[in-house]
Amino acid sequence: MPNIAVVGTQWGDEGKGKIVDLLAHHFQIIARFQGGHNAGHTVVHDGKTHFLHLIPSGMVRGNLLCVIGNGVVVDPEALLGEIERLRQAGIDVGDNLKISERCQVIFPYHGARDSVSEDAAADKARIGTTRRGIGPTYEGKAARTGIRMVDLLESDLLRELVERNVDRNNRIMACLYPGQAAVLDAKKVFEDYRVMAGKLERYICDTSLYLHQRMVAGESVLFEGAQGTQLDVDHGTFPFVTSSNTVAAGLGSGCGVGPTRINGVLGVIKAYSTRVGAGPFPTEQDNEEGALIRERGGEFGTTTGRPRRCGWFDVVVGRYAVRVNGLDALAVTMLDVLDEFEEIPVCTGYQYKGKLIKEFPSSRQAQAEAEPVWERLPGWKCRTRGISSYAEMPQAARDYLDFIAENLECQVVLASTGPERDSTARLPGTVLDSWLGGN
Ligand code: IMP
């Protein structure tokens with residue numbers, strides 16, 4: 001079996017959790033490679049809805065190994081909470097979870113910095129982060145001041161690193177945001193983290209070595225992306241992005257796995273577009289149509305509960321994702337949300353400064369001011385919700401999938417018509433057959 005990556009193509013929330021859960025039983029291992037508990041993956045299994053933030057969606061399957069790679073930033077409190085919630089839902093994480101000893105650890109000062117800097121930013125500069133401390137933790141990694149999982153297990157070293165970091169952070173906060181954040185007590189932070197480290201120790205290991213050994217033994221890995229291409233720190237709508245590489249290439253550095261090990265990349269793409277947080281969103285519909293999409297799609301953030309901004313499908317964004325991720329295939333999600341629309345507008349290019357643009361621009365101004373060029377496709381005006389057979393799909397819905405495949409120059413292999421695992425139609429004769437052996 002090959003090793004496959006599943007990544008988001010838009011601004012996150014494309015439904016990767018469901019697609020990973022659907023494919024998971026074909027693999028032995030599911031591995032996360034970036035982000036942290038800013039991510040929110042919803043998986044419906046046996047009538048229960050699970051909200052996962054850090055632990056790969058494969059854990060819901062019960063018998064799969066789940067790896068949190070070194071590129072992920074880990075908040076121990078959030079992780080222990082997630083393990084406990086799964087236990088309460090009847091899922092014992094047990095020996096099925098491995099956390100890289102090289103993961104950077106999120107500390108309370110990271111969350112505090114994230115919140116205070118968002119509050120202090122001028123309206124136009126506010127990113128709308130999840131306030132989980134993700135950005136400041138990646139900052140610490142790049143600045144080489146961060147503390148890793150493996151450091152948590154060496155008590156004397158941990159005490160020294162915590163003292164140094166807490167002191168540094170208290171001074172930064174006092175200088176940049178006087179009186180706006182609590183002064184942290186290094187002793188308490190050290191004690192809290194020492195205790196949590198004890199609880200997490202059994203899961204911590206060299207996951208790069210572990211993945212290597214399992215792959216050599218013939219097992220296959222599904223690499224699970226978080227967020228989406230437009231939130232990638234290099235390739236997204238900078239600076240309105242998250243702080244990691246969300247694109248497929250991020251899995252190499254984020255898991256300690258060479259690019260030659262990856263056999264295929266599947267992009268998950270919504271049949272329309274959404275974005276949570278601030279930043280450019282060319283096809284946004286801040287109107288009744290957007291509100292209808294939000295209502296029909298239940299478009300509220302899994303992590304923060306914020307209403308998502310909604311808009312129409314953007315071919316330019318999709319083509320960009322195909323290119324920068326090297327996508328082999330697409331899974332189109334939330335198709336049923338469009339069931340009631342007479343016509344479905346799609347954006348095929350942008351007008352900017354009197355010119356037609358077909359490729360996603362890097363300039364902040366062009367991203368913010370690009371005017372969509374619309375094409376209107378016929379809706380199907382009937383229920384696709386729950387359809388699991390491509391043959392049963394209305395012709396106009398099939399044409400919509402064909403339109404996406406042709407314009408993005410990438411085959412569509414799955415169409416999702418509802419949150420449940422069964423509400424998915426597999427398209428005939430695609431690369432998925434060779435990946436999954438026709439099962
Ligand atoms: P941060 O990752 O918390 O720093 O937030 C940076 C940007 O990424 C904000 O616009 C967030 O709303 C967005 N973001 C982070 N994680 C997710 C996600 O899982 N889905 C959608 N947007 C996200």
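The values are calculated or read from the model by the stated rules, or taken from the named source; none is laboratory data. Treat the numbers as computed from the prediction; the structure is a model and nothing was measured. Cβ atoms come from the backbone with ideal geometry, glycine included; neighbour counts cover every protein chain shown. To get the accessible areas, we keep the full protein, side chains included, count just its heavy atoms, and leave off ligands, DNA and RNA. Shrake-Rupley method; radii C 1.70, N 1.55, O 1.52, S 1.80 Å.
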Next item on the list: Would you work out which of Gly228, Ala120, His53 lies farthest towards the positive end of the dipole of the chain, given +1 charges on the beta-carbon of Lys and Arg and -1 on that of Asp and Glu, about the Cα centre?
Entry: Ala120
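Under the definition of Cα pairs under 8 Å and six or more residues apart, what whole-number percent is the relative contact order of the chain? Working shown, then result.
On the way: 960 pairs, mean separation 85.3, N = 439.
In percent, rounded to a whole number, it is 19.
Please give the calculated 222 nm ellipticity per residue for the chain, where each DSSP H segment of at least 4 residues contributes -39500 (n - 2.57) and the sum is spread over every residue; nearest 500 deg cm²/dmol? Mind showing how you got there, number by number?
Numbers: 14 runs with 147 residues, N = 439.
Result for the chain, helices only: -10000 deg cm²/dmol.
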Next item on the list: Work out the P(r) tail for the range 104-202: percent of alpha carbon pairs separated by more than 20 Å, whole number.
Entry: 38 percent
Notebook entry, point to check: With all protein chains present, how much of the accessible area of the range 104-202 (probe radius 1.4 Å) comes from carbon and sulfur, to the nearest whole percent?
Noted result: 51 percent
Note to self: Between the range 1-62 and the range 233-305, how far is it from one alpha carbon centroid to the other, in angstrom?
What the structure shows: 14 Å
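Consider all pairwise Cα distances in the range 370-439 and report the whole-number % of them above 15 Å.
For the range 370-439, the fraction of Cα-Cα distances above 15 Å is 60 percent.
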Check: If you plug each phi of the range 235-251 into the Karplus form 6.51 cos²θ - 1.76 cosθ + 1.60 with θ = phi - 60°, what whole-Hz ³J(HN,Hα) values come out, in order, with x for Gly and Pro?
Finding: 9, x, 7, 4, x, 8, 9, 8, 9, 10, 8, 7, 6, 4, 4, x, 5
Next item on the list: Could you order Glu160, Glu392, Glu101 so the one with the most accessible surface comes first? Probe is 1.4 Å.
Entry: Glu392, Glu160, Glu101
Next item on the list: Run through the DSSP bridge list for the chain and note the antiparallel percent, rounded to the nearest 5.
Entry: 40 percent
Next item on the list: Any chance you could look up the accessible area of Glu420 with a 1.4 Å probe, heavy atoms only, rounded to 10 Å²?
Entry: 80 Å²
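Compute the convex hull volume of the Cα atoms of the chain, divide it by the residue count, and report the result per residue in Å³ as a whole number.
On the way: hull volume 60.3 nm³, N = 439.
Here the figure is 137 Å³ per residue.
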Note to self: If you count only protein heavy atoms and use a 1.4 Å probe, how large is the accessible surface of Cys175, to the nearest 10 Å²?
What the structure shows: 100 Å²
Notebook entry, point to check: Under a 1.4 angstrom probe, counting protein chains only, how are Lys48, Lys98, Lys355, Lys18 ranked by accessible area, largest first?
Noted result: Lys355, Lys48, Lys98, Lys18
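Which pairs in the list Lys16/Lys381; Lys124/Lys353; Lys98/Lys199; Lys18/Lys270 are over 18 Å apart, alpha-carbon to alpha-carbon?
On the way: Lys16/Lys381 26 Å; Lys124/Lys353 22 Å; Lys98/Lys199 13 Å; Lys18/Lys270 12 Å.
Lys16/Lys381; Lys124/Lys353, as the Cα separations exceed 18 Å there.
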Margin query: If you take every residue apart from Gly256 with its C-beta less than 14 Å away from the C-beta of Gly256, what net charge results, scoring Lys and Arg +1 and Asp and Glu -1?
Written below: +4
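Taking the Cα centre of the range 104-202 as origin, work out the dipole magnitude from +1 charges on Lys and Arg Cβ and -1 charges on Asp and Glu Cβ, in debye rounded to 20.
Values: 17 positive and 15 negative charges, 40 e Å.
Once rounded to the nearest 20, the dipole reads 180 debye.
How do Ser253, Ser117, Ser423 stack up against each other in accessible area, from largest to smallest, with a 1.4 angstrom probe?
Numbers: Ser253 90, Ser117 45, Ser423 10 Å².
The ranking, largest first, comes out as Ser253, Ser117, Ser423.
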Item checked: Accessible-area value, Ile127, 1.4 Å probe, nucleic acids and ligands omitted, Å² -> 50 Å²
Check: Relative to the first principal axis of the alpha-carbon coordinates of the chain, what is the inclination of helix 207-216, with its axis defined by its Cα atoms, in degrees from 0 to 90 and to the nearest 10?
Finding: 50 degrees
